[in-house]
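Here's the structure, in structure tokens; my notes come after.
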Amino acid sequence: MIVYLHGFGSSGSSAKVDALKAKFGADQVFAPNLPIDPRDVADLIREKVLDWYGTRKSDDKLVFVGTSLGAFYASFFGHTYDAPAVIVNPSVRPYESLSDKVGKNVNNVTKEEFWVTLAHLDTLKFMREYLTNNYKGVLIHLFVAKDDEVIPSYEMLNWYQYTASTHIEETGGHRFTEHWDKVLDKVAELI
């Protein structure tokens, strides 16, 4: 099973998800619209993973894939469930980078309003501390665009110094769409 985790203010419906489903089959990709509360995200993923463990075949693999905030989550859940995580332009300290989002926001895709609270940021900070204390680079496959306009590439490369693989692209920006085929190839290696 491939679990795709989207970035802040986005959704589980995108061209990236469509490409994952086209390559691996729609029944192999779980790409939910993530709740804003990180605790609710953790509950959602835990339920799905437990359900998957109960029904999987012995050769089935679990791989997390994420972009931006979703890449941070993919790192966290990869470590939680001892599964590889393919992460693209990951948010490194989301509790800091999202601090200006405290209050009312609008989802870029669904146009629904949602609220970011200080409690959400505290949970993200706790998750980062968990990663710091339990980091296993062997689980991480990092993709970084040097021209990311949202997260400085040096921050991503400094935090994820030890990985199973690191792929650096000169271009691609935060969305990384022009290199998504390389992400698909990496996922194919892991499934």
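Throughout, read-outs are computed from the coordinates displayed, never taken from laboratory work. Keep in mind it's a predicted model, so treat the numbers as computed, not measured. Here Cβ is always computed from backbone atoms with ideal geometry, including for glycine, and neighbour counts include all displayed protein chains.
Near the amide H of Gly12, within less than 5 Å, lie the amide hydrogens of Asn33, Leu34, all on another chain or at least 5 residues away, with H placed in the peptide plane. Put one equal scatterer on each alpha carbon of the chain, apply the Debye formula with no solvent term, and list log10 I(q)/I(0) at q = 0.11, 0.13, 0.14, 0.16 1/Å to two decimals. Reported log10 I(q)/I(0), two decimals: -0.44, -0.63, -0.74, -1.00. Placing unit charges on the Cβ atoms only, positive for Lys and Arg and negative for Asp and Glu, gives the chain a dipole magnitude near 240 debye about its Cα centre. Each label point was placed 7 Å from the Cα along the Cα-to-Cβ direction; for Leu118 and Thr177 their separation is 3.9 nm. Between Asp148, Asp40, Asp18, the Gaussian network model of the chain with springs among Cα atoms under 10 angstrom shows the greatest mean-square fluctuation at Asp40.
For His6, His120, the sequence from fewest to most other C-beta atoms within 10 Å is His120, His6. Extension gain for Thr110 to Ser153 (0.36 nm times residue separation, less C-alpha to C-alpha distance): 12.6 nm. For the pair Asn134 and Asn33 in one chain, pulling the backbone fully straight at 0.36 nm per residue adds 33.7 nm over the alpha carbon distance.
Hey, fewest Cβ within 10 Å first, where do Tyr73, Tyr130 land in order? Please list the in-between numbers first.
Details: Tyr73 29, Tyr130 14.
Result, fewest neighbours first: Tyr130, Tyr73.
Using only DSSP helix segments of four residues or longer, with each worth -39500 (n - 2.57), what per-residue ellipticity at 222 nm results for the chain after dividing by its residue count and rounding to 500?
On the way: 7 runs with 80 residues, N = 191.
My calculation for the chain gives -13000 deg cm²/dmol from helical runs alone.
Residues Met156, Met1 in ascending order of nearby Cβ atoms (within 10 Å, fewest first): Met1, Met156.
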